[in-house]
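Participant: Below you will find the structure I want to go over with you.
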Amino acid sequence: MKIKYFFHIFLFSIVSVSAYSQNVKLLNINQLNERIKNGKDSTYVVNFWATWCAPCIKELPHFEKLKAEHKSEKLAVLLVSLDFKSKLESNVIPFVKKKNLKNEVFLLNESDPQQFIDRIDPSWSGSIPATLFIKGDKRKFVESEFTYEQLLTEYKKL
């Protein structure tokens with residue numbers, strides 16, 4: 001009986017970890033652009049952050065709240081981590097789990113920062129947090145930390 005119980009616990013933990021790890025996907029700029037292009041009727045709020053960035057961590061709950069409070073609207077909040085790809089398993093996935101992030105989380109899979117920075121927005125210096133707002137043909141890029149009120153204001157401007 002005990003062996004069967006432990007086997008079930010073991011199996012559940014493997015399934016839970018593997019299912020959870022699927023919540024953080026690798027994504028390159030082409031895939032991000034394709035994702036946004038395919039959802040023309042949605043508003044996209046794309047936040048660029050990292051697990052080592054204190055202002056990024058401070059504002060992440062605001063993005064969770066935005067999505068939760070506007071769940072009836074066609075809003076996609078994408079959280080794009082700029083952590084190194086090698087940190088996916090050791091830092092990013094445990095961080096996402098610990099913070100219980102519900103929004104879609106990606107790890108940017110690009111090797112040349114200057115190239116992807118310019119493709120996101122030519123005005124971007126590369127500092128984070130940074131957020132891209134997209135609705136139809138409207139695009140706005142903001143390179144600073146948000147309070148919830150500031151984030152909500154930018155979202156409503158679209």
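Participant: In the set E69, E145, E104, E149, which member is among the acidic types (D, E) and touching a strand residue (DSSP E or B) at 6+ places or on another chain (Cβ under 9 Å)? Spell out how you get there, then give the answer.
Facilitator: Working: E69 fails: touching a strand residue (DSSP E or B) at 6+ places or on another chain (Cβ under 9 Å); E145 fails: touching a strand residue (DSSP E or B) at 6+ places or on another chain (Cβ under 9 Å); E149 fails: touching a strand residue (DSSP E or B) at 6+ places or on another chain (Cβ under 9 Å).
From the options E69, E145, E104, E149, the qualifying one is E104.
Participant: Starting from residues that are modelled with pLDDT of 95 or more, open to solvent by less than 50 Å² (accessible area, probe 1.4 Å) and of a type in the set (S, T, N, Q), keep the ones in the range 1-60 and report whichever is nearest to the chain's Cα centre (by Cα).
Facilitator: My answer is N47.
Participant: Going through L152, L108 one at a time, which residue ends up being modelled with pLDDT of 95 or more, within 13 Å of the chain's Cα centre (by Cα), open to solvent by less than 90 Å² (accessible area, probe 1.4 Å) and not β-branched (V, I, T)? Before the answer, list the steps.
Facilitator: Numbers: L152 fails: within 13 Å of the chain's Cα centre (by Cα).
Matching residue, one of L152, L108: L108.
Participant: Tell me, please, whether a residue that is under 12 Å from V45 (Cβ atoms) and part of a strand (DSSP E or B) can be found in the range 97-110. Give the steps one after another, and end with the answer.
Facilitator: First, the residues of the range 97-110 that are under 12 Å from V45 (Cβ atoms): 103-104.
Retained after the next criterion (residues that are part of a strand (DSSP E or B)): 104.
Yes: one or more hits.
Participant: Go through the range 129-158 and report how many residues are closer than 15 Å to L60 by Cβ and without any contact (Cβ under 8 Å) to a residue 24 or more places away in the chain.
Facilitator: Summing the residues that are closer than 15 Å to L60 by Cβ and without any contact (Cβ under 8 Å) to a residue 24 or more places away in the chain in the range 129-158 gives 2.
Participant: S125 is checked against (1) outside any helix (DSSP H, G or I); (2) in contact (Cβ under 8 Å) with a residue 60 or more places away in the chain and fails just one. What number does that condition carry?
Facilitator: Single failed check for S125: (2).
Participant: Something else now. Scan (1) within 24 Å of N30 (Cα to Cα); (2) in a loop (DSSP other than H, G, I, E, B); (3) of a type in the set (F, W, Y) for the single condition F146 breaks and write down its number.
Facilitator: Here F146 meets the rest and fails (1).
Participant: Sticking with this structure for a sec: Yes or no: P94 open to solvent by 10 Å² or more (accessible area, probe 1.4 Å) and either within 21 Å of E154 (Cα to Cα) or assigned to a strand (DSSP E or B) (or both)? Before you say what the answer is, go through the steps one by one.
Facilitator: On the way: open to solvent by 10 Å² or more (accessible area, probe 1.4 Å): yes; either within 21 Å of E154 (Cα to Cα) or assigned to a strand (DSSP E or B) (or both): no.
No; evaluated as a whole, the condition is false for this residue.
Participant: Still on this model: Select from the range 69-91 the residues that are part of a helix (DSSP H, G or I) and either touching a Ser or Thr at 6+ places or on another chain (Cβ under 7 Å) or open to solvent by 30 Å² or more (accessible area, probe 1.4 Å) (or both) and write down the one among them that is nearest to K40 (Cα to Cα).
Facilitator: Applying the first criterion (part of a helix (DSSP H, G or I)) to the range 69-91 yields 69, 85-91.
Right, trim to either touching a Ser or Thr at 6+ places or on another chain (Cβ under 7 Å) or open to solvent by 30 Å² or more (accessible area, probe 1.4 Å) (or both) and you get 69, 85-87, 89-91.
Values: E69: 21, K85: 29, S86: 33, K87: 32, E89: 32, S90: 35, N91: 33 Å.
The selected residue is E69.
Participant: A further question on this structure: Kindly provide the set of residues from the range 113-139 that are surrounded by fewer than 10 Cβ atoms within 10 Å (Cβ to Cβ) and small (G, A, S), ordered by number.
Facilitator: S123, S125, listed by residue number.
The values are calculated or read from the model by the stated rules, or taken from the named source; none is laboratory data. Source: prediction; values computed, not measured. Quick reminder, even Gly has a Cβ in these numbers, built from the backbone with ideal geometry, and neighbours come from all protein chains shown. For the accessible areas, the whole protein counts, side chains as well, though only heavy atoms, and no ligand, DNA or RNA atoms are used. Shrake-Rupley method; radii C 1.70, N 1.55, O 1.52, S 1.80 Å.
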